[in-house]
Amino acid sequence: MASQVAEGLPTEGLRQEHRQIERVLMVMGRLVGRAERGQGFEAAALRKCVDFLRLYADACHHTNEEQILLPLLDKRGIRADHPAVAGIVREHVEGRKQVTAMRASLAAAARGDEAARRRFCEAARHYLALLRQHINKEDHVLFALADQALTARDQAEIQAQLQATYSRRFEGRTVASLSAVADDLANAWIGKQLRRRLGILPTATRATRSSGTRARRPRAAT
């Protein structure tokens with residue numbers, strides 16, 4: 001969980017936030033696929049995904065990048081027009097637009113409005129494609145550059161500021177509670193073998209397996 005600052009590379013805490021976000025992107029992708037195939041619109045689970053992405057991915061994580069990482073890179077001569085930086089903030093803004101579009105159509109989609117469901121899925125697909133390439137670019141280009149350019153003092157400053165962020169509340173939600181939402185979504189909607197490979201097989205499932213019974217996946221309301 002990224003509610004504690006990780007040791008190691010200067011960007012380690014931000015990378016851990018990416019891993020949290022990727023789990024919810026995976027869940028949302030699966031739920032959108034179900035909706036597109038006519039297998040049901042899982043409104044409650046999708047609402048959790050959208051709220052997580054709005055509060056954790058944007059209000060927390062993107063703010064950490066824009067207000068902590070990028071100013072430090074600027075001090076080290078890596079300006080906003082640097083190829084590794086250019087477009088990062090613009091993509092954050094585009095992501096917010098897609099989240100707003102998903103929120104705008106979610107209530108009607110939950111009531112069974114087919115046009116609203118199509119609008120939601122279209123915005124979700126745009127968001128999923130954007131965030132996946134955005135995270136890949138940051139992990140392999142921006143963060144790699146930052147890990148080379150930032151000093152030990154910069155790293156200490158990042159850790160202190162991240163810890164301050166993790167002590168905040170986002171519309172009343174703590175970072176720990178938002179991370180728990182990601183856990184719950186992954187446990188409910190990602191297959192057991194994949195969860196095990198990702199290291200997120202829930203304790204309850206392990207206990208159930210050892211007792212010889214099978215845990216049922218909770219179903220979100222339609």
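Here, each number is a calculation from the coordinates, and none is a lab measurement. Remember, it's a predicted structure, so these values are computed and weren't measured experimentally. Note: ideal-geometry Cβ built from the backbone for every residue, glycine included; neighbour counts use all protein chains shown.
Take the alpha carbon atoms of the stretch 12-211, find their radius of gyration, then divide it by 2.2 N^0.38 Å using N residues; give the quotient.
Ratio of Cα Rg to 2.2 N^0.38 Å: 1.10.
Using only Cα atoms, what is the ratio of the radius of gyration of the stretch 30-114 to 2.2 N^0.38 Å? Could you put the intermediate results ahead of the total?
On the way: Rg = 17.0 Å, N = 85, 2.2 N^0.38 = 11.9 Å.
Normalised Rg, Cα atoms only: 1.43.
Quick one: the Cα spread of the stretch 106-191 along its three principal axes, in angstroms, biggest first?
Ordered largest first, the stretch 106-191 gives principal extents of 54, 30, 27 Å.
Just want the ordering: ILE135, ILE158, from fewest to most Cβ atoms lying within 10 Å of their own Cβ.
In order of increasing Cβ crowding within 10 Å: ILE135, ILE158.
What FRET efficiency comes out for ARG30 versus ARG153 if R0 is 41 angstrom and r is the Cβ-Cβ distance? Round to the nearest 0.05. Numbers along the way, then the final one.
Details: r = 43 Å, r/R0 = 1.04.
Calculated value: 0.45.
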